[in-house]
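J.: Below is a structure I'd like to ask you about.
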Amino acid sequence: EFYIMKKATKQDIEIIKQAFIEKYSDAVTELNYKNDYELLIAIILSAQCTDKRVNIITPALFLKYPSVKELALAELEDVKALLNSCSFFNNKSKNIIKMAQSVLTEYDGQIPHNQKELMKLAGVGNKTANVFMIEFEGANLMAVDTHVFRVSHRLGLSDGKTVDITEADLVKKLKGHDLHIFHQAMVLFGRYICKAVKPDCDNCLFPHVCKLKSLLNLRKNL
């Protein structure tokens, strides 16, 4: 047996957009930071790691390395010791030191506020660059993490098998000047309500739109 989730209709998309804007228009990242340097590092560390865990790790890291200047000169083993409770801490430690060195030599010590330039830095891919630009600049971009991927598929906004296809689908379907709101909305909605395991369907914003729910009902009735 094989079931395909239905795609969201134009009417569904309008309902989704309005509900997200109503509930999440003032939402911001749950990562703690004081400036662009701290934000970029927090986002790099948050890959496959919870924001909660990152917020536990970063205070000591930022105390010891308050800017790219100090981090560029850091010993790898010292950084690893501070990040050792973070997933993939070996790679992340190397990347943030390399990132700091590049910012110092290539960008005069200033974190670039440009998606393409950000992606030239170690540890910064498309998603990280987009999240940085959304959070710090309110840029009209979409970034797809695990929560956004799950929510967009359950709501029928995308059936893309990859992050890139899903991002393109969301940009096309949610087009307008509110993409940054929809990114934050889907992250928080996916983190607290539309969870991977045991989703809190009683508090769903759109039970009448959810394609997962209608799929499960269909299975029940067969």
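The values are calculated or read from the model by the stated rules, or taken from the named source; none is laboratory data. From a predicted model like this one, the values you see are computed outputs, not experimental measurements. Cβ placement follows ideal geometry from the backbone for every residue including glycine, while neighbour counts extend to all protein chains displayed. The protein model used for the area step is the full one, side chains on, heavy atoms only, and it has no ligands, DNA or RNA in it. Shrake-Rupley method; radii C 1.70, N 1.55, O 1.52, S 1.80 Å.
J.: Given R₀ = 25 Å, FRET efficiency for Ser25-Glu137 by Cβ-Cβ distance, to 0.05?
T.: Rounded to the nearest 0.05, the efficiency is 0.90.
J.: Would you tally the net charge around Val171, using a Cβ to Cβ cut-off of less than 12 Å, leaving Val171 out, and scoring K and R as +1, D and E as -1?
T.: -1
J.: Which ³J(HN,Hα) values in Hz, rounded to whole numbers, follow from the phi angles of region 6-20 under the Karplus curve 6.51 cos²θ - 1.76 cosθ + 1.60, where θ = phi - 60° and Gly and Pro get x?
T.: Values per residue, Gly and Pro as x: 5, 7, 5, 7, 4, 5, 4, 4, 5, 4, 4, 4, 5, 5, 5 Hz.
J.: Hey, can you find the accessible area per residue of the chain for me, probe 1.4 Å, expressed in square angstrom?
T.: 54
J.: Collect residues whose amide H, placed 1.01 Å from N in the peptide plane, falls under 5 Å from the amide H of Leu155; neighbours closer than 5 in sequence don't count.
T.: Lys211
J.: Students often forget the sequence filter, so: which lysines lie under 17 Å Cα-Cα from Lys198 once same-chain residues fewer than 8 apart are removed?
T.: Lys211, Lys213
J.: Moving on. Can you give me the % of accessible surface on region 1-150 that is carbon or sulfur? Probe 1.4 Å, all protein chains present, nothing else counted.
T.: C and S fraction of accessible area: 51 percent.
J.: Restricting everything to alpha-carbon atoms, can you work out Rg to Rh for region 38-170 with a Kirkwood hydrodynamic radius?
T.: Across region 38-170, the Cα-based Rg/Rh ratio is 1.00.
J.: Ok, one more. How far apart, in nm, are the 7 Å Cα→Cβ label points at Leu73 and Ser85?
T.: The two pseudo-label positions are separated by 2.9 nm.
J.: Over region 115-209, with a single point scatterer placed on each C-alpha, what log10 of the ratio I(q)/I(0) does the Debye formula yield at q = 0.23 1/Å?
T.: These q points yield log10 I(q)/I(0) values of -1.21.
J.: Quick check: pseudo-label points 7 Å beyond the Cα along Cα→Cβ at Tyr192 and Val171, how many nm apart are they?
T.: 2.9
J.: Enumerate the calculated ³J(HN,Hα) couplings along region 57-71 in order (Karplus 6.51 cos²θ - 1.76 cosθ + 1.60, θ = phi - 60°), each rounded to whole Hz, writing x wherever the residue is Gly or Pro.
T.: 7, 5, x, 5, 5, 6, 5, 6, 10, x, 8, 4, 4, 6, 5
J.: Given N residues in region 1-74, what is Rg(Cα) / (2.2 N^0.38 Å)?
T.: Its radius of gyration relative to the 2.2 N^0.38 Å reference: 1.71.
J.: What is the magnitude of the charge dipole of the chain about its Cα centre, with +1 placed on the Cβ of each Lys and Arg, -1 on the Cβ of each Asp and Glu, and no other charges, expressed in debye to the nearest 20?
T.: 960
J.: From the list (i) 9, 36, 39, 16, 1; (ii) 6, 19, 17, 9, 7, 8, 10, 11, 8, 4, 1, 0; (iii) 8, 32, 30, 19, 9, 2, 0, can you say which value of P(r) over Cα pairs in 10 Å bins from 0, in percent was derived from the structure given?
T.: The calculated read-out lines up with (iii).
J.: Relative to the present Cα-Cα distance, how much length would full extension add between Lys161 and Leu63 at 0.36 nm per residue of separation?
T.: 31.2 nm
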